[in-house]
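Data block below; observations after.
The values are calculated or read from the model by the stated rules, or taken from the named source; none is laboratory data. Here the structure is a predicted model, which is why all the values come from computation and not from measurement. Cβ placement follows ideal geometry from the backbone for every residue including glycine, while neighbour counts extend to all protein chains displayed.
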């Protein structure tokens, strides 16, 4: 793996000061946000901020992402990242299905992400797959990369928010396209049969990915001891942590972890703040802009992810924000972010809300998202290569190919 200067831990005195400052400030902000949200919206909401921070830690330490994992599987036949995702999903359905079947835990009603199997899901996931390869990161990857100080992903985040906002004006038309309705495996077969079927599929896919893979730079479980605070985590640790934390989000909030919905609200609040009246648009007609965004679950968990990633980058000595970015890199980040924002809202969510949350909820729309998003991702890699940007650009194919 090629490691650029920005990826090496800072060892100078000023670098150490910067890392320590980033860690302490982010943890203080995370604590303050937890207290504010908890005081205004209850202890469950306050704990969700902490869970968001832990999600950021797990994502950053394990470098757990969908974008590079899918790319490496198809173009380099390295399947460890995809196998980690399958482990994550297997653990998630094992936790989610019985909880959703019960429907309530500790007085909190539970509802999964079960949405229609539709043309809009297929198209939206396909667009998202292209966009995440152009941008170089998915929804969760964008958040934890922003926390790590990556300036390119700041552009991706802003364009992601823009795309997720623009699509709200077009959703009424998109909803008129054909769909098969919402189909839940848990409702159709009962949670025990649905779980057995899902685990069989995950096992088969895990074996197929392993047979397809010919070489690896990472394994699910790294050899030797791992310092969980001062060194990167094995992929398996990330998979287990993300599944457990998603189940925690479900128990605390009554719904799985989601991201894209928050971005639409951020954009809507920004337009409202500058005096644009959105009340004539169906999506916003009944939305209360007087309500604080801190009361929104995806918003607080997303902020927690960013702060958790900042703290993680500081602890690993990798917090090194820079404004250097090429013109071509800026263009692909912006276009990719717009496609992810627009496509994510069309598909009832991103790789987290629709794929992870949908499959964990037993919804067939999550599986449709997986297939169409994966195909779109392949197109996205080819398109980024044609644009002369990304891991397979013609200038340095051997050096860049191994970058996550």
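Annotations for the structure displayed:
- Helices (runs of 4 or more DSSP H) within the range 281-384 that include 1 or more residues without any contact (Cβ under 8 Å) to a residue 60 or more places away in the chain: 297-315, 327-346
- All conditions but one from (1) in contact with a strand residue (DSSP E or B) (Cβ under 9 Å, 6 or more places away or on another chain); (2) under 20 Å from residue 62 (Cα atoms) apply to residue 175; the one that does not is (2).
- Test for residue 103: is it without any contact (Cβ under 8 Å) to a residue 24 or more places away in the chain and in contact with a strand residue (DSSP E or B) (Cβ under 9 Å, 6 or more places away or on another chain): yes
- Just one residue in the set 348, 319 is in contact with a strand residue (DSSP E or B) (Cβ under 9 Å, 6 or more places away or on another chain) and surrounded by 15 or more Cβ atoms within 10 Å (Cβ to Cβ); that residue is 348.
- Qualifying residue in the range 113-136 (condition: farther than 24 Å from residue 264 by Cβ and modelled with pLDDT under 95): no
- Filter result for residue 153 (in contact with a helix residue (DSSP H, G or I) (Cβ under 9 Å, 6 or more places away or on another chain) and either farther than 30 Å from residue 306 by Cβ or buried (at least 16 other Cβ atoms within 10 Å of the Cβ) (or both)): yes
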